[in-house]
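> Here it is, the structure, as structure tokens.
Read-outs: derived from the displayed coordinates by stated rules, not from any lab. Bear in mind the structure is a predicted one, so any value in this text is a computation, not a measurement. Every residue, glycine as well, gets a Cβ built from its backbone with ideal geometry; the counts of neighbours run over all protein chains shown.
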Amino acid sequence: MAKKNFGITVDRKICKSCGICVAFCPVSVFTTDHDDKAVVTYPEKCTGCRQCELLCPDYCIDVEEIAHG
Amino acid sequence: MDATHKKYLRMNKLPHIWCPGCGDGTIMGSFIRAIDRLGYDKDDVAAVSGIGCSGRITGYLDFNTLHTTHGRALAFATGVKMAKPRLKVFVFMGDGDATAIGGNHLIHSCRRNIDITAIIFNNNIYGMTGGQYSPTTPRDKYATTAPYGTTDPHFDIAKLCIGAGASYVARGTSYHAKMLTDLIVAGAEHKGFSVIEIITHCPVNFGRRNELETPVDMLLWQKDHAVRMAKAEKMTADELADRFIIGELHKADIPEYVEEYDRLIERVQRGDTGRG
Ligand SMILES: Cc1ncc(C[n+]2csc(CCOP(=O)(O)OP(=O)(O)O)c2C)c(N)n1
Ligand code: SF4
Ligand code: SF4
Ligand code: SF4
Ligand SMILES: [Mg+2]
């Protein structure tokens, strides 16, 4: 079976730089920028577990499966 | 933000005022996913809160909402439920709100077993007013009012509610976000007084003073100290000493207050005063 791909977006305007998604993504998809806001750096590693979406206290993150083809 | 947030939150009130990394936002997310799963019509839900950071939730939830006074949310909610029993009533309280100033309302709501779901944000501190210790601050922890550590033992909210007669009692955390949604769904579906104690984190007024400097440190602490019921049953008292159990802790099938009250009205209207 082909590996699933996910598109991850962070709404930078509302991110409060808490670091939760960065710390709890099991495969370290996120890094931080100069304001400690979350940046999607390694989207290809994403497994679609949605832990980041569930834990972000400000609902900044959206994870969507990218259709193949 | 996804369709669930847009459906159940007042988008014009966001972003919320909670501090960076505060558990309150995560809990609000778990709650709206529970409502979505329950499939309740928004107009059939009443959300009632007291005063505190946690109490701010009724400003963001897009249901029938009532932001009441400190410690009195359950009294208002009792009125709402008695007047409109068809409403699904949820009450949001902080640990101070629920067990200090509002402790009396809490135990008597448990005793009455009124069909309300109480969601208690236990961050072990008075968050909103700057970090005074509450009845759930553990012994030897620091607070603005306990600069040398607290001397009091703390309330175990779940145990307190079981003792007072609540018919559904569960404990979750702000870290176990999926489980929290499951517990809220089960509590809402249960007929009677349901309590969901949520161990949550106030990084600003509790964590910083107690060697849990960041929201991440606080969530890691929850992850390391929470034990699921099934696992706890296989552990010794020593192993469980500084941990806490999460999951459904108590469930009982006992008469519910609004139904009992209706039964009384019906009986008296029939002319039966109960005195033979
Ligand atoms: C009658 C009354 N007494 C005291 C206060 C001040 N007060 C506001 S919130 C609060 C405690 C907040 O702690 P908690 O209930 O745990 O909520 P949190 O902010 O931690 O979510 C207090 C004492 C008040 N608003 N009203
Ligand atoms: S969905 Fe899971 S794997 Fe993907 S970015 Fe979020 S936490 Fe990481
Ligand atoms: S969890 Fe949310 S608010 Fe916190 S850093 Fe990540 S995107 Fe920003
Ligand atoms: S003071 Fe504590 S409980 Fe209140 S919003 Fe800030 S982190 Fe959350
Ligand atoms: Mg509190």
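> Which of the lysines could be linked to A:Lys16 by a straight reach, that is with a Cα gap under 30 Å, when you skip same-chain ones fewer than 8 residues away?
Result set, ordered by chain and number: A:Lys4, A:Lys37, A:Lys45, B:Lys6, B:Lys7, B:Lys13, B:Lys42, B:Lys141, B:Lys178, B:Lys223.
> Sticking with this one: Translational D (Stokes-Einstein, µm²/s) of the range B:38-108 at 25 °C and 0.890 mPa s when Rh comes from the Kirkwood sum over C-alpha pairs?
Numbers: Rh = 12.0 Å.
Approximately 205 µm²/s, per Stokes-Einstein.
> Note down the magnitude of the dipole of the range B:3-269 about its Cα centre, charges +1 on Lys and Arg C-beta and -1 on Asp and Glu C-beta and zero elsewhere, to the nearest 20 debye.
540
> With an 8 Å cut-off on Cα pairs and a minimum separation of 6 or more residues, tell me the relative contact order of chain A in percent.
Computed over chain A, the figure is 43 percent.
> What percent do you get for the relative contact order of chain B when only Cα pairs under 8 Å and 6+ apart count?
This gives 17 percent for chain B.
> Can you give me the orientation-averaged projected area of the convex hull built on the Cα atoms of chain B, in nm²?
16.2
> Separate question: What is the distance, in nm, between label points placed 7 Å from the Cα along the Cα-to-Cβ direction at A:Arg50 and at B:Thr129?
Between A:Arg50 and B:Thr129, the simple spin-label model gives 3.9 nm.
> Can you divide the C-alpha Rg of the range A:5-66 by 2.2 N^0.38 Å and report the result to two decimal places?
Normalised Cα radius of gyration, the range A:5-66: 0.97.
> Can you give me the Cα centroid spacing of the range B:63-101 and the range B:217-276 in angstrom?
Comparing the Cα centres of the range B:63-101 and the range B:217-276, I get a distance of 18 Å.
> In addition: Report, please, the projected area of the range B:152-276 averaged over directions, based on the convex hull of its C-alpha atoms, in nm². Intermediate results must be reported in sequence, preceding the final value.
Numbers: hull surface 46.4 nm².
For the range B:152-276, averaging the hull's shadow over all directions gives 11.6 nm².
> If each DSSP helix of 4+ residues adds -39,500 (n - 2.57) and the sum is divided by the residues in chain B, what number results at 222 nm, nearest 500 deg cm²/dmol?
About -10500 deg cm²/dmol.
> Hey, got the dipole for chain A? About the Cα centre, +1 on K and R Cβ, -1 on D and E Cβ, debye to the nearest 20?
Values: 8 positive and 10 negative charges, 31 e Å.
For this selection, approximately 140 debye.
> Quickly estimate the mean residue ellipticity at 222 nm for chain A, helices only: each DSSP H run with n ≥ 4 gives -39500 (n - 2.57), and the total goes over all residues, rounded to 500.
Per the formula, -3000 deg cm²/dmol.
> Sticking with this one: Using 0.36 nm per residue of separation minus the Cα-Cα distance, give me the extension gain between B:Lys223 and B:Asp272 in nm, one decimal.
Here the segment from B:Lys223 to B:Asp272 would lengthen by 12.0 nm.
> With point charges of +1 on the Cβ of Lys and Arg and -1 on the Cβ of Asp and Glu, referenced to the Cα centre of the protein assembly as shown, which listed residue (B:Phe76, A:Leu55, B:Thr117) lies farthest in the positive direction of the dipole?
Looking along the dipole axis, the top candidate is B:Phe76.
> At 7 Å along the Cα-to-beta-carbon direction for both B:Leu38 and A:Arg12, put a label point, then send me their distance in nm to one decimal.
My value for the distance between the label points is 3.9 nm.
> Let me ask another. Diagonalise the Cα gyration tensor of the protein assembly as shown and give the resulting equivalent ellipsoid semi-axes, square root of 5 times each eigenvalue, largest first, whole Å.
35, 25, 19
> With the dipole of the protein assembly as shown worked out from charges on the C-beta (+1 for Lys and Arg, -1 for Asp and Glu) around the Cα centre, which of A:Val22, B:Trp18, B:Ile196 lies farthest toward the positive end?
B:Ile196
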